[in-house]
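Here the structure is laid out as structure tokens; the discussion comes afterwards.
Here, each number is a calculation from the coordinates, and none is a lab measurement. Remember, predicted model here, so these are calculated numbers, not experimental data. Glycine gets a Cβ as well: all are built from the backbone with ideal geometry, and neighbour counts include every protein chain shown.
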Amino acid sequence: MVAPKNDVKPTVEELLAKAKKPAQLSPAMHRFYEGKMQVIPKCAIRSTDDFAIWYTPGVAAPCREIQADPDKSFELTNRWNYVAVVTDGTRVLGLGDIGPEAALPVMEGKALLFKYLGGVDAFPICLRTKDPDEIVRICKALEPSFGGINLEDIEKPKCFYVLEKAREQMQVPVWHDDQQGTATVILAGLINAFKIVGKKPKESLITLVGSGAANIRTAYVLMKWGVKPGNIILADSKGVIYKGRTDITQAEDPWKYDVTQKTNGEGRTGDVSEAFKGVDAVVAASKPGPNTIKKEWIKTMANDAIVFACANPIPEIWPWEAEEAGARIVATGRSDFPNQVNNSLGFPGIFRGVLDVKAKTITDDMCIAAAQELANYAEERGMSEKDILPRMDEWEVFPREAVACALKSIEQGVARIKPSREELYERASAIIRNARESTELLMKHGLIKQPPSEAELLK
């Protein structure tokens, strides 16, 4: 919640009550709508005679074309816009291993964001297996039907393995949003935060608190972008991560181990507080707070400190406490505070772009291109210490992000087609506008019902 204009800070009780409200309303809303997504036609049906074209006998003709050239499935079917949202339900939000059925509402929600923000037709695929190789096999088996795979809520370190192996074996983009999506938006926020404080990010010290999928991938993306590996410091619940940590082994977690060998050039050791001393920015993706990050730790950071406290529903430290401790720019994962770091700014536009060029993969370079476009959009429309990133309701950012990713796909030689910048922008804008206007039209005509009041839902 943005502090009221009279500068009276909300109480912890008020903030907790506000944070709990969506969860109180959500079961009744889900029950009222019986889910969030549906499948509706996109082709004209003038009469039942048209089924002879869309189905038998006419459909045999496109089938034969695709048999002769499988890539024509991207032209003659909706495969070009289909994305599978795949999970095994082992790390769902902050709920942990709750199983595939319980993960379905989250995957449907992801599909909703894909459609409304990116115009992407996404399908939730919740798997009754925890075997990483089987997950890879299933993704590969699904490949003929989809233009991309979005991996979601898979526990670490398995998520790294599944992403790596699926990307190696498949010819459509495979992406893990908890890794690449988070890293993309964090990078965008850092780009603009460093601009505002007047520091060079590639020369600055950056600490990542939490060593889960999000921050491990963030470390890789920051290094790929040009931050010196030695200038990145990671910390987990046991303290600063350094080369001598005997509890981090290559056999158990090769990705975390690899990052351990490359980062922390000073060789810092000690508890988490040591990771704050003299650093320019801290990005936390760890345990929800408050008081996971302490004010006295922030006081030891460099001047004009940047703090991203991304845990939900309660950030690791309240924003005003971070500011009182000396942080100049503070971001969180919540929409009711300034500077929300939200994956939804990333994956809809990124997939829109790679789907529009029928790309074969998504690389970290594409994530960086998306991050830079997000940062550019916010800078061009005007940014400040309390407004460093685009917001989800600024829908124009998504076509721009799509174009940036599509052009990077073409540049890297992984695009099947090569439209111009203008063609890409017009196409992405039209598809995203269609998705938004279709939803509004269905609501206007009562085909999507208006929900009951909060009072009725909470009965």
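A few comments on the model shown:
- Once the C-beta distance of Thr246 and Ile448 is scaled by a Förster radius of 45 Å, the resulting FRET efficiency is 0.20 to the nearest 0.05.
- Charge context of Asp253, other residues only, Cβ under 15 angstrom, K/R +1, D/E -1: +3
- Each part gets one Cα centre, and for region 262-282 versus region 295-311 those centres are 12 Å apart.
- In a simple Cβ point-charge model (Lys, Arg +1; Asp, Glu -1; nothing else charged), region 249-349 has a dipole of about 40 debye relative to its Cα centre.
- The candidate values are [x] 98, 51, 45; [y] 73, 52, 43; [z] 110, 66, 45; the one derived from this structure for Cα extents along the principal axes in Å carries the label [y].
- Separation of region 27-97 and region 328-384, taken as the distance between their Cα centroids, equals 26 angstrom.
- Distance in nm between pseudo-label sites at Lys418 and Glu101 (7 Å out along the Cβ direction from Cα): 5.2 nm
- Taking Ile448, Ile45, Ile388 and counting other C-beta atoms within 10 Å, the order from fewest to most: Ile45, Ile448, Ile388
- Alpha-carbon centroids, region 178-213 and region 429-459: separation in whole Å: 35 Å
- The chain - share of DSSP beta bridges that are antiparallel (%, nearest 5): 10 percent
- Most to least packed among 241-247, 360-366 [average Cβ atoms within 10 Å]: 360-366, 241-247
- Anchor Lys20: aspartates and glutamates whose Cα lies under 20 Å away (excluding residues fewer than 8 positions away in-chain): Glu316, Asp336, Glu454, Glu456
- Order of Leu127, Leu187, Leu208 under a 10 Å beta carbon neighbour criterion, fewest first: Leu127, Leu187, Leu208
- Pair Leu93, Asp50: separation of 7 Å Cα→Cβ label points (nm): 3.9 nm
- Packing here is the average count of other Cβ atoms within 10 Å per residue, and on that basis the peptides 50-57, 288-295, highest first, run 288-295, 50-57.
- A simple spin-label model places pseudo-atoms 7 Å from Cα toward Cβ; at Asn434 and Gln67 they are separated by 2.9 nm.
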